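Structure, as structure tokens:
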Ligand code: KG4
Ligand code: ZN
């Protein structure tokens, strides 16, 4: 393929956990195509993600998926400006598979490989949509491993306002689902069951909402669910009980997140809220925040639900925005732990410090 767009396309590769994602994005054309393979069936037997199995499956999937997306769009290496990959945070083995694969591919094609911060990619995912948010904004990042409230001034200019002191919001959904005997992935399964339940039946705590501050804590809520479940399991048809428990538990998580978002908006003066990460796919949370921010005269921006959870599209997009700083080197970058506020603004000489 030739023409003016030839060198603006980025291949994005996501392998931080149990999803293999590949995508093609260009700033001129927007999202060109994307593919996702979820390993959920592989891990469901074990009740959680098994890191070694995750790494092996990424190895198995990456080559055919990249070949497939390139062929389907009639592209080859000459049409690609850079290969963006998730460099962290995530499971180290899974990250190394994606990093080594992407670096090799980029080297073979003679283009830069761009090390992307997974949470920055989640945060920027709403820019994949029509009518994206303008900077600055407030961001709520809620995934399986993170719960962050972030003051976002520009790309790479992040101030963490609040974080979780123990479990992440997605982890709270997953652990709650496990307690109720639901399958993986826990968040969507619990949300599905909650649709049939009464959210007002059980009075579960909204942790840390009575104290000032913007941090979260979800482990006590999970314990409260376990205690309540144990207390009421006698005599009642388990399906009704479980649906009411799921609905009450979901309501407690949603209320807690919404109270802190409102507080953060008041503290910072931001009227735009970006919600991203897997829990951002939760319908109750989306609706609740939409209503709350409308009442404040503001607005909430979400990626479409499939781009809330892990995907290659957000990596390709983030890579395209970081590309100006990418270098043609062979360092394979993978950081299992990587604080978001370690990043530097786009345009700084080396935006990805310490990698
Ligand atoms: O962002 P993500 O795909 O992966 C991480 O980077 O962690 O988030 C996965 C998390 C899981 O904990 C999953 O249960 C949760 O997001 N999740 C949901 C929903 N969809 C995914 N939680 C609540 N409601 C949902 N609809
Ligand atoms: Zn994620």
(request) State yes or no: is residue 183 closer than 12 Å to residue 277 by Cα, within 15 Å of ligand 1 (Cβ to nearest atom) and in a loop (DSSP other than H, G, I, E, B)? (result) no
(request) Might you check whether a residue that is away from ligand 2 (no atom under 16 Å from the Cβ) and in contact with a strand residue (DSSP E or B) (Cβ under 7 Å, 6 or more places away or on another chain) occurs anywhere in region 83-97? (result) yes
(request) Return yes when residue 126 is at pLDDT 95 or above and assigned to a helix (DSSP H, G or I) and no when it is not. (result) yes
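Residues checked against (1) modelled with pLDDT under 95; (2) more than 20 Å from the chain's Cα centre (by Cα); (3) exposed (fewer than 13 other Cβ atoms within 10 Å of the Cβ):
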position: 33; (1), (2), (3): no, no, no
position: 49; (1), (2), (3): yes, no, no
position: 58; (1), (2), (3): no, no, no
position: 61; (1), (2), (3): no, yes, no
position: 71; (1), (2), (3): no, yes, yes
position: 74; (1), (2), (3): no, yes, yes
position: 79; (1), (2), (3): no, yes, no
position: 82; (1), (2), (3): no, yes, no
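One line per residue, one yes/no per condition, for (1) buried (at least 17 other Cβ atoms within 10 Å of the Cβ); (2) more than 16 Å from ligand 2 (Cβ to nearest atom); (3) at pLDDT below 95; (4) more than 22 Å from the chain's Cα centre (by Cα):
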residue	(1), (2), (3), (4)
239	no, yes, yes, yes
251	yes, yes, no, no
270	yes, yes, no, no
301	yes, yes, no, no
317	yes, no, no, no
(message) Just the residues that are more than 16 Å from residue 319 (Cα to Cα) and either free of Cβ contacts under 8 Å to residues at least 12 places away in the same chain or within 16 Å of ligand 1 (Cβ to nearest atom) (or both), please, taken from region 114-130.
(response) 130
(message) Which condition from (1) within 16 Å of ligand 2 (Cβ to nearest atom); (2) over 28 Å from residue 214 (Cα atoms); (3) in contact with a strand residue (DSSP E or B) (Cβ under 8 Å, 6 or more places away or on another chain); (4) not in a helix (DSSP H, G or I) is the one that residue 116 breaks?
(response) (2)
(request) Sort through 151, 167, 131 and tell me the only one that's away from ligand 2 (no atom under 16 Å from the Cβ), outside any helix (DSSP H, G or I) and within 20 Å of residue 259 (Cα to Cα). (result) 151
(request) Kindly indicate whether residue 209 is away from ligand 1 (no atom under 16 Å from the Cβ), part of a helix (DSSP H, G or I) and either surrounded by 14 or more Cβ atoms within 10 Å (Cβ to Cβ) or over 26 Å from the mean Cα position of the chain (by Cα) (or both). (result) no
(request) Would you mention how many residues in region 266-280 are over 22 Å from residue 131 (Cα atoms), out of contact with any strand residue (DSSP E or B) (no Cβ under 6 Å at 6 or more places or on another chain) and in contact (Cβ under 8 Å) with a residue 60 or more places away in the chain? (result) 1
(request) Report, by residue number, each residue of region 281-306 that is within 14 Å of ligand 1 (Cβ to nearest atom) and either out of contact with any strand residue (DSSP E or B) (no Cβ under 8 Å at 6 or more places or on another chain) or over 27 Å from residue 81 (Cβ atoms) (or both). (result) 281, 282, 283, 284, 285, 286, 287, 288, 289, 302, 304, 305
(request) Could you grab the pairs with beta carbons closer than 6 Å, sequence gap of 6+ or different chains, first residue in region 186-215 and farther than 17 Å from residue 229 by Cβ and at pLDDT 95 or above, second one part of a loop (DSSP other than H, G, I, E, B) and within 16 Å of ligand 2 (Cβ to nearest atom)? (result) 191/282
(request) Assess whether residue 289 counts as being modelled with pLDDT of 95 or more, closer than 27 Å to residue 206 by Cα and within 19 Å of the chain's Cα centre (by Cα). (result) yes
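The values are calculated or read from the model by the stated rules, or taken from the named source; none is laboratory data. The structure displayed is predicted, hence computed values, not measured ones. With ideal geometry, Cβ positions are generated from the backbone for all residues, glycine too; neighbour counts draw on all protein chains shown.
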